[in-house]
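This report refers to the structure that appears directly beneath it.
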Amino acid sequence: MTTGTSGAGATDPAEPAADIRRQELAAFLRSRRERVTPEQVGLVRGTRRRTPGLRREEVAQLSSVGVTWYTWLEQARPIKVSAQVIDAIARALRMDPSERAHLFALAGAIDTRPEAECNALSAEVRRLLRRLTPYPATVQNGRYDVLAYNRSWTHVFGDFDAMEPRDRNCLWLLATSGSWRETFLDRDEMLRDLVAKFRGSMAEHGAEPAWKELRDRLVGASAEFRELWERHEVATMSPHVKRYQHPKVGLLRLEHRMLWMAPLVQSYRLIAYVPADDATEERLERLAELSEPPKLPVGEGGAAVGTGGNGRSAREGQ
(Lines give C-alpha, C1' and ligand atoms only; values in the text may rest on other atoms or scores of the structure.)
Protein backbone atom coordinates (compact mmCIF):
# COMPACT_ATOMS: atom_id res chain seq x y z
CA MET A 1 0.00 0.00 0.00
CA THR A 2 1.29 3.46 -0.83
CA THR A 3 1.34 6.12 1.87
CA GLY A 4 2.22 9.79 1.95
CA THR A 5 0.58 13.07 1.04
CA SER A 6 2.22 13.78 -2.31
CA GLY A 7 0.57 10.91 -4.19
CA ALA A 8 3.83 10.25 -6.02
CA GLY A 9 3.44 6.50 -5.64
CA ALA A 10 -0.15 6.35 -6.82
CA THR A 11 -0.84 4.57 -10.11
CA ASP A 12 -3.12 6.15 -12.67
CA PRO A 13 -4.23 3.59 -15.31
CA ALA A 14 -4.16 6.34 -17.92
CA GLU A 15 -0.54 7.29 -17.20
CA PRO A 16 1.21 4.38 -18.99
CA ALA A 17 -0.69 5.09 -22.20
CA ALA A 18 -0.01 8.81 -21.91
CA ASP A 19 3.68 8.15 -21.27
CA ILE A 20 3.92 5.91 -24.32
CA ARG A 21 2.24 8.51 -26.52
CA ARG A 22 4.60 11.26 -25.28
CA GLN A 23 7.61 9.03 -25.97
CA GLU A 24 6.32 8.30 -29.46
CA LEU A 25 5.71 12.02 -30.06
CA ALA A 26 9.25 12.86 -28.92
CA ALA A 27 10.81 10.19 -31.12
CA PHE A 28 8.72 11.23 -34.12
CA LEU A 29 9.68 14.89 -33.76
CA ARG A 30 13.39 14.01 -33.48
CA SER A 31 13.22 11.83 -36.58
CA ARG A 32 11.47 14.52 -38.64
CA ARG A 33 13.84 17.24 -37.40
CA GLU A 34 16.91 15.22 -38.34
CA ARG A 35 15.49 14.66 -41.83
CA VAL A 36 15.09 18.35 -42.76
CA THR A 37 18.25 20.13 -43.91
CA PRO A 38 18.95 23.81 -43.16
CA GLU A 39 19.01 24.55 -46.88
CA GLN A 40 15.43 23.27 -47.26
CA VAL A 41 14.12 25.95 -44.91
CA GLY A 42 16.39 28.80 -45.97
CA LEU A 43 18.99 28.55 -43.21
CA VAL A 44 22.78 28.56 -43.53
CA ARG A 45 24.39 25.23 -42.63
CA GLY A 46 27.64 26.64 -41.27
CA THR A 47 30.83 24.70 -40.57
CA ARG A 48 30.32 23.48 -36.99
CA ARG A 49 27.01 21.63 -37.29
CA ARG A 50 26.98 18.22 -35.60
CA THR A 51 23.30 17.29 -36.08
CA PRO A 52 22.33 15.74 -39.45
CA GLY A 53 19.29 18.01 -39.78
CA LEU A 54 17.91 21.01 -37.93
CA ARG A 55 18.82 22.02 -34.40
CA ARG A 56 16.07 22.23 -31.79
CA GLU A 57 16.46 25.99 -31.54
CA GLU A 58 16.04 26.27 -35.32
CA VAL A 59 12.76 24.35 -35.24
CA ALA A 60 11.60 26.56 -32.38
CA GLN A 61 12.54 29.68 -34.36
CA LEU A 62 10.78 28.49 -37.51
CA SER A 63 7.68 27.56 -35.48
CA SER A 64 7.66 30.75 -33.36
CA VAL A 65 7.74 28.49 -30.28
CA GLY A 66 9.98 28.87 -27.23
CA VAL A 67 13.15 26.77 -27.33
CA THR A 68 12.48 25.40 -23.85
CA TRP A 69 8.91 24.47 -24.81
CA TYR A 70 10.00 22.61 -27.94
CA THR A 71 12.82 20.88 -26.04
CA TRP A 72 10.30 19.63 -23.49
CA LEU A 73 8.27 18.10 -26.32
CA GLU A 74 11.32 16.17 -27.54
CA GLN A 75 12.02 15.13 -23.95
CA ALA A 76 8.49 13.69 -23.58
CA ARG A 77 7.64 16.07 -20.76
CA PRO A 78 3.95 16.03 -19.65
CA ILE A 79 2.92 19.38 -21.14
CA LYS A 80 -0.23 20.54 -22.93
CA VAL A 81 0.20 21.61 -26.54
CA SER A 82 -2.33 23.60 -28.57
CA ALA A 83 -3.39 22.77 -32.10
CA GLN A 84 -1.82 26.06 -33.24
CA VAL A 85 1.60 25.00 -31.92
CA ILE A 86 1.34 21.55 -33.52
CA ASP A 87 0.32 23.19 -36.81
CA ALA A 88 3.34 25.50 -36.69
CA ILE A 89 5.73 22.62 -35.95
CA ALA A 90 4.25 20.50 -38.76
CA ARG A 91 4.80 23.35 -41.21
CA ALA A 92 8.35 24.01 -39.98
CA LEU A 93 9.27 20.33 -40.39
CA ARG A 94 7.67 20.21 -43.85
CA MET A 95 5.37 17.30 -42.99
CA ASP A 96 3.17 15.71 -45.62
CA PRO A 97 -0.55 15.05 -44.86
CA SER A 98 0.09 11.58 -43.42
CA GLU A 99 2.87 12.81 -41.14
CA ARG A 100 0.78 15.79 -40.08
CA ALA A 101 -2.18 13.56 -39.15
CA HIS A 102 0.16 11.28 -37.17
CA LEU A 103 1.64 14.27 -35.33
CA PHE A 104 -1.78 15.57 -34.33
CA ALA A 105 -2.84 12.11 -33.16
CA LEU A 106 0.27 11.71 -30.99
CA ALA A 107 -0.21 15.19 -29.53
CA GLY A 108 -3.88 14.51 -28.76
CA ALA A 109 -4.92 17.59 -30.73
CA ILE A 110 -7.60 18.15 -33.39
CA ASP A 111 -6.52 19.39 -36.81
CA THR A 112 -9.12 22.01 -37.73
CA ARG A 113 -7.69 22.95 -41.15
CA PRO A 114 -10.28 22.69 -43.96
CA GLU A 115 -7.74 20.59 -45.92
CA ALA A 116 -8.05 17.85 -43.30
CA GLU A 117 -11.60 17.17 -44.45
CA CYS A 118 -10.75 17.34 -48.13
CA ASN A 119 -8.26 14.49 -47.65
CA ALA A 120 -11.20 12.15 -47.04
CA LEU A 121 -12.27 12.53 -50.69
CA SER A 122 -9.69 10.45 -52.51
CA ALA A 123 -10.13 9.32 -56.11
CA GLU A 124 -11.02 5.85 -54.82
CA VAL A 125 -13.79 7.25 -52.62
CA ARG A 126 -15.22 9.27 -55.52
CA ARG A 127 -15.17 6.18 -57.71
CA LEU A 128 -16.95 4.15 -55.04
CA LEU A 129 -19.65 6.82 -54.73
CA ARG A 130 -20.33 6.60 -58.46
CA ARG A 131 -20.35 2.79 -58.47
CA LEU A 132 -22.99 2.62 -55.73
CA THR A 133 -25.67 4.03 -58.07
CA PRO A 134 -28.67 3.55 -57.97
CA TYR A 135 -28.21 3.47 -54.19
CA PRO A 136 -27.97 6.92 -52.56
CA ALA A 137 -24.51 7.40 -51.05
CA THR A 138 -22.67 10.22 -49.33
CA VAL A 139 -19.47 11.05 -47.47
CA GLN A 140 -20.09 12.78 -44.14
CA ASN A 141 -18.04 13.90 -41.17
CA GLY A 142 -18.91 13.61 -37.49
CA ARG A 143 -21.09 16.76 -37.62
CA TYR A 144 -23.23 15.24 -40.41
CA ASP A 145 -21.88 17.71 -42.97
CA VAL A 146 -22.43 16.23 -46.44
CA LEU A 147 -18.99 16.47 -48.05
CA ALA A 148 -19.75 14.55 -51.26
CA TYR A 149 -22.61 12.53 -52.77
CA ASN A 150 -23.63 10.62 -55.87
CA ARG A 151 -26.45 11.33 -58.32
CA SER A 152 -28.81 8.94 -56.59
CA TRP A 153 -28.44 10.91 -53.35
CA THR A 154 -29.74 14.04 -55.06
CA HIS A 155 -32.54 12.08 -56.77
CA VAL A 156 -33.81 10.93 -53.37
CA PHE A 157 -32.93 13.67 -50.89
CA GLY A 158 -32.95 16.85 -52.95
CA ASP A 159 -30.72 19.10 -55.04
CA PHE A 160 -27.67 19.60 -52.82
CA ASP A 161 -25.88 21.43 -55.63
CA ALA A 162 -28.36 24.29 -55.22
CA MET A 163 -27.79 24.57 -51.43
CA GLU A 164 -25.36 26.84 -49.64
CA PRO A 165 -22.39 24.72 -48.50
CA ARG A 166 -23.11 25.25 -44.80
CA ASP A 167 -26.72 24.07 -45.32
CA ARG A 168 -25.53 20.69 -46.64
CA ASN A 169 -25.87 19.12 -43.22
CA CYS A 170 -28.28 16.30 -42.37
CA LEU A 171 -29.00 17.53 -38.84
CA TRP A 172 -29.68 21.06 -40.08
CA LEU A 173 -32.00 19.83 -42.84
CA LEU A 174 -33.86 17.43 -40.57
CA ALA A 175 -34.48 20.26 -38.09
CA THR A 176 -35.30 23.09 -40.52
CA SER A 177 -36.26 21.77 -43.97
CA GLY A 178 -39.96 21.71 -44.83
CA SER A 179 -39.47 19.15 -47.60
CA TRP A 180 -37.55 16.80 -45.30
CA ARG A 181 -40.30 17.17 -42.69
CA GLU A 182 -42.91 16.10 -45.24
CA THR A 183 -41.06 13.26 -46.93
CA PHE A 184 -39.36 11.51 -44.00
CA LEU A 185 -42.25 9.56 -42.47
CA ASP A 186 -40.38 9.00 -39.18
CA ARG A 187 -38.89 12.46 -39.12
CA ASP A 188 -39.62 13.33 -35.45
CA GLU A 189 -38.05 10.11 -34.19
CA MET A 190 -35.09 10.57 -36.52
CA LEU A 191 -34.50 14.12 -35.31
CA ARG A 192 -34.55 13.07 -31.67
CA ASP A 193 -32.10 10.26 -32.42
CA LEU A 194 -29.75 12.48 -34.43
CA VAL A 195 -29.71 15.21 -31.77
CA ALA A 196 -28.81 12.59 -29.15
CA LYS A 197 -25.97 11.30 -31.34
CA PHE A 198 -24.76 14.84 -31.96
CA ARG A 199 -24.70 15.56 -28.22
CA GLY A 200 -22.78 12.35 -27.59
CA SER A 201 -20.15 13.38 -30.16
CA MET A 202 -19.93 16.93 -28.75
CA ALA A 203 -18.26 15.50 -25.64
CA GLU A 204 -15.10 15.04 -27.72
CA HIS A 205 -15.46 18.10 -29.95
CA GLY A 206 -17.08 20.74 -27.73
CA ALA A 207 -14.13 23.13 -27.98
CA GLU A 208 -13.98 23.07 -31.79
CA PRO A 209 -15.40 26.18 -33.49
CA ALA A 210 -17.21 24.32 -36.29
CA TRP A 211 -19.11 22.13 -33.81
CA LYS A 212 -20.07 25.08 -31.60
CA GLU A 213 -21.16 27.11 -34.62
CA LEU A 214 -23.48 24.35 -35.83
CA ARG A 215 -25.00 23.86 -32.37
CA ASP A 216 -25.57 27.60 -31.87
CA ARG A 217 -27.04 27.96 -35.34
CA LEU A 218 -29.50 25.12 -34.67
CA VAL A 219 -30.42 26.53 -31.27
CA GLY A 220 -31.23 29.84 -32.91
CA ALA A 221 -33.18 28.41 -35.85
CA SER A 222 -35.18 25.51 -34.40
CA ALA A 223 -37.34 25.41 -31.29
CA GLU A 224 -37.52 21.62 -31.68
CA PHE A 225 -33.76 21.35 -31.58
CA ARG A 226 -33.57 23.59 -28.49
CA GLU A 227 -36.09 21.44 -26.65
CA LEU A 228 -34.33 18.19 -27.61
CA TRP A 229 -30.90 19.62 -26.80
CA GLU A 230 -31.97 20.58 -23.30
CA ARG A 231 -32.97 16.96 -22.57
CA HIS A 232 -29.28 15.95 -22.56
CA GLU A 233 -30.05 12.61 -24.20
CA VAL A 234 -27.17 10.74 -25.83
CA ALA A 235 -27.12 7.87 -28.31
CA THR A 236 -24.64 5.90 -30.40
CA MET A 237 -24.69 4.77 -34.02
CA SER A 238 -27.25 2.03 -34.70
CA PRO A 239 -28.72 0.71 -37.99
CA HIS A 240 -32.42 1.21 -38.58
CA VAL A 241 -34.85 1.51 -41.50
CA LYS A 242 -35.73 4.98 -42.75
CA ARG A 243 -39.09 5.41 -44.47
CA TYR A 244 -39.14 8.06 -47.18
CA GLN A 245 -42.15 9.05 -49.29
CA HIS A 246 -40.72 10.06 -52.65
CA PRO A 247 -42.99 12.24 -54.82
CA LYS A 248 -42.15 10.31 -58.02
CA VAL A 249 -41.84 6.65 -57.05
CA GLY A 250 -43.59 6.37 -53.70
CA LEU A 251 -42.46 4.70 -50.47
CA LEU A 252 -38.74 3.95 -50.06
CA ARG A 253 -37.55 1.87 -47.12
CA LEU A 254 -33.80 2.37 -46.74
CA GLU A 255 -31.15 1.05 -44.37
CA HIS A 256 -27.84 2.83 -44.01
CA ARG A 257 -24.50 1.04 -44.13
CA MET A 258 -21.30 2.85 -43.13
CA LEU A 259 -17.72 2.47 -44.28
CA TRP A 260 -15.28 4.19 -41.91
CA MET A 261 -12.60 6.15 -43.73
CA ALA A 262 -9.55 4.45 -42.18
CA PRO A 263 -6.78 5.36 -41.62
CA LEU A 264 -8.39 8.77 -41.17
CA VAL A 265 -10.21 9.61 -37.98
CA GLN A 266 -13.40 7.64 -37.43
CA SER A 267 -15.69 10.62 -37.82
CA TYR A 268 -15.37 10.41 -41.61
CA ARG A 269 -17.51 7.75 -43.23
CA LEU A 270 -19.06 6.78 -46.50
CA ILE A 271 -22.76 6.04 -45.99
CA ALA A 272 -24.77 4.01 -48.48
CA TYR A 273 -28.57 3.75 -48.24
CA VAL A 274 -29.51 0.26 -49.38
CA PRO A 275 -33.04 -1.06 -50.04
CA ALA A 276 -34.73 -2.78 -47.12
CA ASP A 277 -37.04 -4.71 -49.48
CA ASP A 278 -37.45 -5.69 -53.12
CA ALA A 279 -40.05 -2.98 -53.78
CA THR A 280 -37.59 -0.27 -52.76
CA GLU A 281 -34.91 -1.83 -54.96
CA GLU A 282 -37.23 -1.59 -57.98
CA ARG A 283 -38.26 1.97 -57.13
CA LEU A 284 -34.65 3.15 -56.82
CA GLU A 285 -33.89 1.68 -60.25
CA ARG A 286 -36.96 3.34 -61.72
CA LEU A 287 -36.00 6.67 -60.10
CA ALA A 288 -32.53 6.45 -61.64
CA GLU A 289 -34.11 5.91 -65.07
CA LEU A 290 -36.56 8.80 -64.61
CA SER A 291 -33.77 11.12 -63.48
CA GLU A 292 -31.41 10.41 -66.36
CA PRO A 293 -30.76 13.62 -68.32
CA PRO A 294 -31.94 13.55 -71.95
CA LYS A 295 -29.23 12.59 -74.42
CA LEU A 296 -28.26 15.46 -76.68
CA PRO A 297 -27.00 15.06 -80.26
CA VAL A 298 -23.24 14.71 -80.68
CA GLY A 299 -21.62 18.09 -81.03
CA GLU A 300 -24.23 19.87 -78.91
CA GLY A 301 -22.79 19.05 -75.50
CA GLY A 302 -24.20 15.55 -75.21
CA ALA A 303 -21.38 14.41 -72.90
CA ALA A 304 -21.45 17.45 -70.66
CA VAL A 305 -22.94 17.38 -67.18
CA GLY A 306 -23.70 20.76 -65.64
CA THR A 307 -23.43 21.82 -62.02
CA GLY A 308 -26.40 24.16 -62.03
CA GLY A 309 -24.30 27.19 -62.88
CA ASN A 310 -20.66 28.20 -62.58
CA GLY A 311 -20.36 26.95 -59.01
CA ARG A 312 -18.46 23.79 -58.21
CA SER A 313 -20.49 20.70 -57.38
CA ALA A 314 -19.74 18.38 -54.50
CA ARG A 315 -21.54 15.57 -56.34
CA GLU A 316 -19.43 12.43 -56.41
CA GLY A 317 -16.59 14.41 -54.90
CA GLN A 318 -16.00 16.51 -58.01
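The values are calculated or read from the model by the stated rules, or taken from the named source; none is laboratory data. Being a predicted model, the structure only gives us computed values, none of them experimental. Positions of Cβ are generated from backbone atoms using ideal geometry, with glycine treated the same way; all protein chains shown enter the neighbour counts. Only protein heavy atoms, including side chains, enter the accessible area calculation; ligands, DNA and RNA are left aside. Shrake-Rupley method; radii C 1.70, N 1.55, O 1.52, S 1.80 Å.
What length, rounded to one decimal in nm, is gained on full extension from Asp188 through to Ser98, with 0.36 nm per residue of separation minus their alpha-carbon distance?
28.3 nm
Quick check: residue separation of Ile79 and Lys212 times 0.36 nm, minus the Cα distance between them. What number comes out in nm?
On the way: separation 133, 0.36 × 133 = 47.88 nm, distance 2.59 nm.
Value of the extension gain: 45.3 nm.
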| Quick one: Karplus J couplings for the range 167-181, per residue in order, coefficients 6.51, -1.76, 1.60, θ = phi - 60°, nearest Hz, x for Gly and Pro? | 8, 7, 9, 5, 5, 4, 5, 5, 7, 10, 7, x, 5, 5, 5
| note | In whole Hz, the Karplus estimates of ³J(HN,Hα) for the range 78-85 (6.51, -1.76, 1.60; θ = phi - 60°; x where Gly or Pro) are x, 10, 8, 10, 7, 4, 5, 5
| request: Kindly report the accessible area of the range 38-145 per residue (heavy atoms of protein chains, probe 1.4 Å, no ligands, DNA or RNA), in Å². | output: 55 Å²
| Point-to-point label distance, Glu204-Glu164, nm (Cα→Cβ direction, 7 Å offset) | 2.9 nm
| query | Given a Förster radius of 51 Å and the C-beta distance between Thr71 and Met237 as r, what FRET efficiency does 1/(1 + (r/R0)^6) yield to the nearest 0.05? | reply | 0.75
